[in-house]
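The values are calculated or read from the model by the stated rules, or taken from the named source; none is laboratory data. This structure is a prediction, so every number in the text was calculated from the model and none was measured. Cβ sites come from the backbone with ideal geometry, for glycine too, and all protein chains shown count toward neighbours. Note: areas computed on protein heavy atoms with side chains; ligands, DNA, RNA excluded. Shrake-Rupley method; radii C 1.70, N 1.55, O 1.52, S 1.80 Å.
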Amino acid sequence: MSLSKKRKVDTECRIFQEKWTSSYMFTEVNGKPVCLVCMRQVSVLKECNIRRHYETQHGEKYNSLHGELRKQKVNEMLVGLRKQQSVFTRSREVSDAAVKASYVIASQVALASKPYSEGGFVKNCMLKAAEIVCPEKRQAFANISLTRNTVADRISEQSADLDSQLKRKVESFLAFSVAIDESTDITDVAQLAIFIRGVDDTLTVTEEFLELVPMTDTTTAEDIFRSVVGALDRVGVDWSRAVSLATDGAPSMIGKKAGVVTKFREKVQAANRGGDFWTFHCILHQQALCCKSLKMDHVMEVVVRTVNFIRARGLNHRQFDSLLSDCNITHGLSYHTEVRWLSRGAVLKRFFDLRGEIGQFTEKKGKPAKELQCPLWLQDLAFMVDITEHLNNLNRMLQGRKKIVTQYYDSIHAFKLKLTLWETQIASGDPAHSPRLRDVCAASVNPDVKQYKDKISGLLRDFEKRFRVFSELETEFAVFRSPFTVRASDVPVDMQLEIIDLQCD
């Protein structure tokens, strides 16, 4: 026996007809028939249902209206409905804008590393500005919630959203690299910073700060390795796609038998079946270590001692600043901080520029810096200022996000060529690219410039030694640095024909 199929209302394609508006005082809102009199909806879009509602609920009152009078009444009801809808829409838009503004401001609070309570201060500032600039909009600013708890919730939600985005992005990585750095904060807690960079099939590079892991107990290689693996597993990385690891060069990181690098390489090569995996010592850190090979402590010792004499005592500092002000000099001396890599160059440059005022002040205080009267020491100071300025310029070039290893290679390679040039020029007694040394030598009798050749040679050797891994990868870099001049035989087999076509196109 055949069973009759149940009718489905949503498949009958019923359409609201305009004549029902004047006949039954109905209109269509979001696909539903709505009565203009009582604002009720009729569940099924059928004329019989609409007619039944009108006749039973409103027919007695509105049947007497005909012609223009009825049309005018219907138009008034339509206008009233649209006004009501616009009020709700505008209210919702204002509310949505206030919530969006709350998220944006909370994000700025987090990016500026400000306390959550700063949200209230920001809101007060906005309200004061609104009262002056646009008083009629003050309530819109007042609707933005920026309490401490709200800012905390907004930041947590954005953090969770960014984390989910990163997990989705990690799934698309064809290859990725990791950078880790362990340092101790002011509370003596070791903090392990983990960064990840990956590339997808569209060659889009994603570089993100993955996690900051507090190391509350020991910081052995096993502890660090376990923390790194946990952070990477949390975002769901495919270990077979890891290609490199960069560390800060600490013994626990680079130990050959049980260091983090060794453990990391074993895990990756177990996943990619013995594929290539490269490890790097932080390039910026390496460059900073190269600076120490100059070994001109007799210069830094005098500079640090003199700066501390002026800066460490409040009276001396005030009097020295007053002396500089009398000389129309707006900048003073700054402290030297060993852990800040650019500090040495900045302090030396400032000291050299103010050497006359420093000598005058220390003489007046009965603590003369006798070295400032020694031409040979001034030559050493000038040389240190010039060479550290070049090193600081290199350091700044190496800083920043969204850089790839070939860019670092180019910067290091260029600096080594500059050192070779300076070595040749200094050996011939020409400090062409050391302006301060050139000026000091010009004012000296029988200056000895050639003595600095050994310093530059030692610096060059240190660069060659510390960046030896770049020489090993030079062939692999060539295809990215200069694809139009690289030899086809030097690139992987699966790219050779394509490189030839590219060079001949």
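Surface analysis of the chain yields an accessible area of 60 Å² per residue, using protein heavy atoms and a 1.4 Å probe. Dipole magnitude for the stretch 175-297: computed about the Cα centre from +1 point charges on Lys and Arg Cβ and -1 point charges on Asp and Glu Cβ, it is near 580 debye. Projecting the Cα atoms of Cys374, Thr420, Leu391 onto the dipole axis of the stretch 290-490, where Lys and Arg carry +1 and Asp and Glu carry -1 at the beta carbon, places Leu391 farthest toward the positive end.
Heavy-atom accessible area, probed at 1.4 angstrom with all protein chains present, ranks Trp239, Trp278 as Trp278, Trp239, highest first.
Computed over protein heavy atoms with a 1.4 angstrom probe, the accessible surface ordering of Cys291, Cys504, Cys327, largest first, is Cys504, Cys327, Cys291.
Assign unit charges at the C-beta atoms only (+1 for Lys and Arg, -1 for Asp and Glu), then state the dipole size of the stretch 417-505 relative to its Cα centre in Debye, rounded to the nearest 20. Walk me through the numbers before you get to the answer.
On the way: 12 positive and 15 negative charges, 149 e Å.
Here the size comes out at about 720 debye.
Take the Cα of Glu266, step 7 Å toward its Cβ, do the same at Leu289, and the gap between the two points is 2.3 nm.
Annotation for the stretch 391-492: chymotrypsin sites (Phe, Trp or Tyr not before Pro) lying in DSSP loop with at most 13 further Cβ atoms inside 10 Å of their Cβ are Phe484. Here's the picture: charge each Lys and Arg Cβ at +1 and each Asp and Glu Cβ at -1 in the chain, and of Asn446, Gly458, Leu69 the one pushed furthest to the positive end of that dipole is Leu69.
Between the helical axis of 453-466 and the longest alpha-carbon principal axis of the chain there is an angle of about 40 degrees.
With all protein chains present, how much of the accessible area of the chain (probe radius 1.4 Å) comes from carbon and sulfur, to the nearest whole percent? In the chain, the share of accessible area belonging to carbon and sulfur is 53 percent. Rounded to the nearest 10 degrees, the angle from helix 47-57 to the longest Cα principal axis of the chain is 70 degrees. Restricting the trypsin sites (Lys or Arg not before Pro) of the stretch 388-478 to loop positions (DSSP other than H, G, I, E, B) with no more than 12 neighbouring Cβ atoms within 10 Å leaves Arg401, Lys402.
Normalised by the number of residues in the chain, what is the relative contact order in percent for Cα pairs under 8 Å and 6+ residues apart? Don't skip to the end; give the middle numbers.
Working: 496 pairs, mean separation 35.7, N = 505.
Answer for the chain is 7 percent.
Which shape class applies to the stretch 228-306: rounded if a/c is under 1.5, otherwise prolate when a/b exceeds b/c and oblate if not, where a ≥ b ≥ c are the square roots of the Cα gyration tensor eigenvalues? Provide the component values of the computation, followed by the final result.
Working: a/c = 3.49, a/b = 2.96, b/c = 1.18.
Since a/c reaches 1.5 and a/b is larger than b/c, the shape of the stretch 228-306 is classed as prolate.
Each Lys and Arg Cβ is given +1 and each Asp and Glu Cβ -1; about its Cα centre, the chain then shows a dipole of about 1980 debye. For Cys134, the accessible area of its heavy atoms, probed at 1.4 Å with every protein chain present, is near 30 square angstrom.
With the whole protein complex present, His433 retains an accessible surface near 80 Å², based on a 1.4 Å probe. Which angle from 0 to 90°, rounded to the nearest 10, does the C-alpha axis of helix 405-427 make with the longest principal axis of the chain? That works out to roughly 20 degrees.
Among rounded, prolate and oblate, which fits the chain when a ≥ b ≥ c are the square roots of the eigenvalues of its C-alpha gyration tensor, a/c under 1.5 means rounded, and a/b larger than b/c means prolate? Don't skip to the end; give the middle numbers.
Working: a/c = 3.08, a/b = 1.92, b/c = 1.60.
Taking the square roots of the gyration eigenvalues as a ≥ b ≥ c, the chain is prolate.
Taking the DSSP bridge list for the chain and keeping only pairs wholly inside it, about 75 percent are antiparallel.
In the chain, taking the dipole from charged Cβ atoms about the Cα centre, the farthest positive-side position among Cys504, Ser159, Ala221 is held by Ser159.
The gain in end-to-end length when the Leu212 to Asp188 segment is fully stretched comes to 7.1 nm, 0.36 nm per residue minus the alpha carbon separation. Relative to the current alpha-carbon distance between Phe480 and Asp161, full extension at 0.36 nm per residue lengthens the span by 111.4 nm.
Counting only protein heavy atoms and using a 1.4 Å probe, the accessible area of His66 comes to about 130 Å².
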